[in-house]
Amino acid sequence: MTATTRTIQVDALARVEGEGALTLRLRDGIVEAAELRIYEPPRFYEAFLRGRDAAETPDITARICGICPVAYQMSAVHAVERIYGLTMTPTLRVLRRLIYCGEWIESHVLHVFLLHAPDFVGQPGALEMARARPEWASLVKTGLRIKKAGNSIVRAVGGREVHPINVKVGGFYRLPRRTELAALVPELTWAEQAVRDCLDWSTTLDYPEGDGAYDFVALRHPDEYPMNEGRLVSTSGLDADVTEFDQHFAEQQVPHSNALQARKRQDGGTYFVGPLARWNLNHDRLPAAIQAAARAVGLAPPVLNPFRSLGVRLLEVLYAFGEALRLIAAYEPEGPASLPVEPRAGTGHAATEAPRGLLYHRYATDAAGHILDAVIVPPTSQNQAQIEDDLRRLAPTFVDLPEEQATWRAEMLIRNYDPCISCATHFLRLKVERS
Amino acid sequence: MTGTAEAGRARPPRLGVFKFASCDGCQLSLLDCEDELLALSEAVQIAYFLEATRQPLAGQFDVALVEGSISAPEQLEQIRDVRQRSRYLVAIGACATAGGIQALRNGADVADFLSLVYARPDFIQTLADSTPISAHVAVDFELRGCPIDKKQLVELLLALLAGRRPRVPNHAVCLECKRAGYVCVMVTQGTPCLGPITHAGCGALCPGYDRGCYGCFGPAARPNVTSLQAQFARTGMAPDTFQRLLGTFNVAAPAFAAARQALPIVSP
């Protein structure tokens, strides 16, 4: 019998943020290689941050990602503020959580309706979906309106949707007026209900099997569902301060990718960050209403199938609308817009929960506040090895499908992670090679 | 541009969205046009938009929106291919129009940069300089900004559909600021502000948030950089403030680059 080699290849992965490719090489039906190649060219942020003023980090690092600039701004300001010994006032803390709610909504809804949903209905994209059937058109329209509601939060607090201008080390440039936030309430209230209806729609989709024995990693806060603060926890029992990130995780370079891949130091194993990780590790921090909504759609934890992340994203969006409405109702613009900043030498670490997972920043500064060293570990770098693992593990479930369907399934597997390649290149094409 | 309008009657114009080295933020601005997106997708055929659809790259385009800077060897060929396929090529955003923040490496030793980020720099393919699209192919129109402004993007697409010139003013942010009725943050608070020399388009966003303009739309037409620098000095700002403010997303835009070179280099 002659060995047969088969290659499934996608040269330019669609509906992901940034540029990547995928190669899956099979020999006699066994996976020999699963490589997620990130060919997005490197932009060298960590190099040119050296010598910059630490106060510039929220504006500069936002430009790593147009989809989750708030995450970069939040990780940056918290890391620098730890060096400068600043603790936010309750008002400033609330505004940071509120702007993060807006970004979770905007980014998750973009992924659910425009990037992920077309996979489950067999359409190349959401715009084609909208043209194919009237009920899909109305779904995409609803999705866009929900997304806009999320963006309206980012805009009200941050000044604009992409690369907000109001965030600074020490707080904000200006506190939003009560009326500016109150004006959002009717649309946020509509959107919260619309998300409930979309959750019902999500139960009508067919999800491929995919349960895995994942080691999830996320932040955990004493009382809140995590966004800006918390300890590093994992399914395998990690419970560490964020300053110990480097002791537990290491970034490695692989020949086939411009993105560094993070692995656990302890055993070199892969780990999983993002909505499923937060969901499974922090479910007890959610309001009872969200837990009930989860049970109603079959998504009570543990959720171990990455294809089901679509529903979990919707549930996080539902949570974020409720949280935003709660924060706005209680908002009083009290105290200063920002705290005085006194530069000093030191090293600061911060991790926050970007929509697609844990985002770690570490800066070292001199006495004048100039950056000596910068390390940024984006969520997609951390998930990249896990995605390759999923491809290896799940390939047998789809490699016997016709070429076009096998390739599509492999792409779906990657899109489950909402990878952000622009972020990870410091990430995708599918190529399946079969022998 | 009447050709586009006439072609539009026969068949919807084909739109392509292309990405080079960038953060995705400018093409995201198209997806952020939540109110206009579905109507737009009926008025034009979105024939290539990798972030939104799996449709493969094929055929010719009436309009190509190009995001990102040219930063890696394979992109040199790709941008020429996009140019050849496209009737109108529009560069969108600071990366595509000026090289982006990644142009901070221009003139630095890229080998040093590579070794700071990567353990095996030899695996990475990169060009020494990050350059705008116009450095490589003819560009029909440029939309400024880091990120571009949604309203300007919609105006650009409407203009191209109607076969007219887009109404995108190139005066300074200062004018938008005065029209919005904001109090000048530089005069009244001594806040460093690039508004007098920065290209309009944002609606003077930063001054509206008690912040000085940080130049994300790049230089306005005929910017008086020297005069603004003198004003910074007169109000006693730290000598490297101006240098740093110019050295971000539009660092390689000619007017900003020239001004930076004329300034004393202040290293931290």
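The values are calculated or read from the model by the stated rules, or taken from the named source; none is laboratory data. Just so it is clear, the structure is predicted and the values come from calculations on it, not from any experiment. Ideal geometry is used to build each Cβ from the backbone, glycine not excepted, and the neighbour counts take in all protein chains shown. Areas reflect the complete protein model, heavy atoms only, side chains present, ligands, DNA and RNA absent. Shrake-Rupley method; radii C 1.70, N 1.55, O 1.52, S 1.80 Å.
Restricting the stretch B:27-52 to residues that are of a type in the set (D, E, K, R) and more than 21 Å from residue A:415 (Cα to Cα), which is least open to solvent (accessible area, probe 1.4 Å)?
In this case the residue turns out to be B:34.
Just to be sure, is residue A:245 away from every other protein chain (no Cβ under 14 Å), open to solvent by less than 60 Å² (accessible area, probe 1.4 Å), modelled with pLDDT of 85 or more and under 14 Å from residue A:360 (Cα atoms)?
For residue A:245, the condition - away from every other protein chain (no Cβ under 14 Å), open to solvent by less than 60 Å² (accessible area, probe 1.4 Å), modelled with pLDDT of 85 or more and under 14 Å from residue A:360 (Cα atoms) - is met.
Here are some residues: A:149, A:126. Which one is crowded, with 22+ Cβ neighbours inside 10 Å, at pLDDT 95 or above and not β-branched (Val, Ile, Thr)?
A:149
Which ranges mark the helices (runs of 4 or more DSSP H) fully within the stretch A:125-225 that have 1 or more residues being away from chain B (no Cβ under 14 Å)?
So the answer is A:134-158, A:178-182, A:185-202.
Please pick out the residue among B:98, B:138, B:94 that is within 9 Å of chain A (Cβ to nearest Cβ) and closer than 30 Å to residue B:37 by Cβ.
Being within 9 Å of chain A (Cβ to nearest Cβ) and closer than 30 Å to residue B:37 by Cβ holds for just one of B:98, B:138, B:94, which is B:94.
Can you pull out the residues in the stretch B:23-37 that are more than 7 Å from chain A (Cβ to nearest Cβ) and either part of a strand (DSSP E or B) or in contact with a helix residue (DSSP H, G or I) (Cβ under 7 Å, 6 or more places away or on another chain) (or both)?
B:30, B:33, B:36 - these are the residues of the stretch B:23-37 that are more than 7 Å from chain A (Cβ to nearest Cβ) and either part of a strand (DSSP E or B) or in contact with a helix residue (DSSP H, G or I) (Cβ under 7 Å, 6 or more places away or on another chain) (or both).
Given the stretch B:163-268, what helices (runs of 4 or more DSSP H) lie entirely inside it while holding 3 or more residues that are small (Gly, Ala, Ser)?
Of the helices (runs of 4 or more DSSP H) lying wholly inside the stretch B:163-268, those with at least 3 residues that are small (Gly, Ala, Ser) span B:225-234, B:254-262.
For (1) under 17 Å from the mean Cα position of the chain (by Cα); (2) on the phi > 0 side of the Ramachandran plot, each residue gets a yes or a no:
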position	(1), (2)
B:193	no, no
B:204	yes, yes
B:209	no, no
B:219	yes, no
B:227	no, no
B:242	no, no
B:247	yes, no
B:253	yes, no
B:262	no, no
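Failed condition for residue B:128, given (1) closer than 30 Å to residue A:119 by Cα; (2) part of a loop (DSSP other than H, G, I, E, B), with all others met?
(1)
Filter the stretch B:139-152 for residues that are part of a loop (DSSP other than H, G, I, E, B) and either under 17 Å from residue B:165 (Cα atoms) or of a type in the set (Lys, Arg) (or both) and give the result.
Across the stretch B:139-152, the qualifying residues are B:139, B:140, B:144.
With the requirement that a residue be at the interface with chain A (Cβ under 9 Å from one of its Cβ atoms) and among the small types (Gly, Ala, Ser), what does the stretch B:38-67 give you?
Across the stretch B:38-67, the qualifying residues are B:41, B:52.
Failed condition for residue A:408, given (1) modelled with pLDDT under 90; (2) buried (at least 24 other Cβ atoms within 10 Å of the Cβ); (3) not polar (S, T, N, Q), with all others met?
Condition (2) is where residue A:408 drops out.
Residues in the stretch A:288-307: is at least one modelled with pLDDT of 95 or more, more than 14 Å from every other protein chain (Cβ to nearest Cβ) and assigned to a strand (DSSP E or B)?
No, the stretch A:288-307 has no match at all.
Does the stretch A:225-242 hold any residues that are open to solvent by 60 Å² or more (accessible area, probe 1.4 Å) and closer than 24 Å to residue A:103 by Cα, and which are they?
Within the stretch A:225-242, just A:231 meets the criteria.
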